[in-house]
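Taking it in order: structure first as structure tokens, then the write-up.
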Amino acid sequence: MSQPDRFVIRRLRGDDSNLMSGLLTMFGNAFDDPDTYGGKRPGKDYMSRLLDSDTFIALAAVKDGEVVGGLAAYVLTKFEQERSEVYIYDLAVSAAYRRQGIATALIEELKAISAALGSYVVFVQADYGDDPAIALYTKLGVREDVLHFDIPIK
């Protein structure tokens, strides 16, 4: 999907290591968490396998060769029926490019990919207080109030 003279949405694949690096940098800056997204980046072989897998989707919004937005999502194969759902793990747009329809375009592209994969829903979490994200997701979907628990493994 592309937006003429604005930005292009690209699904990243195994040979898109430069764009993936740009996506990670953009996430680190947008979330003010450069260590998580840049401190211990996976090697090229790992990233190539991930980007070519059937269970991970990375989309980048590119303008003039720069990654200005993107999302990372996981395809969850269900056990109760032959179907899947897609979970948006990260979604961000660089501060200078917000309010230009990039996040919506990323989600619309993910919806098309998800439908082609046979998924029945795309879901995402938002933190209380993240009003821009809540407004975006409310515009595009149905809100469910749930509790989220992190269970340590060590």
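The values are calculated or read from the model by the stated rules, or taken from the named source; none is laboratory data. Keep in mind that what you see is a predicted model, and the values were worked out from it rather than measured. With ideal geometry, Cβ positions are generated from the backbone for all residues, glycine too; neighbour counts draw on all protein chains shown.
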Within segment 143-153, does at least one residue satisfy the condition of being modelled with pLDDT under 80 and either of a type in the set (S, T, N, Q) or closer than 16 Å to Leu71 by Cβ (or both)? no
All but one of (1) surrounded by fewer than 12 Cβ atoms within 10 Å (Cβ to Cβ); (2) at pLDDT 95 or above hold for Ser48; state the number of the condition that does not hold. (1)
Among strands (runs of 3 or more DSSP E) entirely within segment 16-127, at least 1 residues that are within 26 Å of Leu147 (Cα to Cα) and of a type in the set (Asp, Glu) occur in 84-93
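Polar (S, T, N, Q), within 19 Å of Ser53 (Cβ to Cβ) and at pLDDT 90 or above: is that true of Ser94 in this structure?
Here the answer is no, as Ser94 does not meet what is asked.
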Looking at Leu59, Leu23, Leu19 in this structure, which one is under 16 Å from the mean Cα position of the chain (by Cα), more than 14 Å from Leu91 (Cβ to Cβ) and crowded, with 16+ Cβ neighbours inside 10 Å? Leu19
Yes/no for Glu82 being of a type in the set (Asp, Glu), more than 16 Å from Met26 (Cβ to Cβ) and touching a residue at least 40 places away in the same chain (Cβ under 8 Å): no
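For segment 128-144, state whether one or more residues are touching a residue at least 40 places away in the same chain (Cβ under 8 Å) and either outside any strand (DSSP E or B) or surrounded by 10 or more Cβ atoms within 10 Å (Cβ to Cβ) (or both).
Taking every residue of segment 128-144 in turn, at least one turns out to be touching a residue at least 40 places away in the same chain (Cβ under 8 Å) and either outside any strand (DSSP E or B) or surrounded by 10 or more Cβ atoms within 10 Å (Cβ to Cβ) (or both).
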For segment 100-123, does any single residue satisfy the condition of being loosely packed, with under 13 Cβ neighbours inside 10 Å, over 25 Å from Leu50 (Cα atoms), over 17 Å from the mean Cα position of the chain (by Cα) and of a type outside the set (Val, Ile, Thr)? no
Total residues in segment 82-99, condition closer than 10 Å to Val122 by Cβ and over 17 Å from the mean Cα position of the chain (by Cα): 0
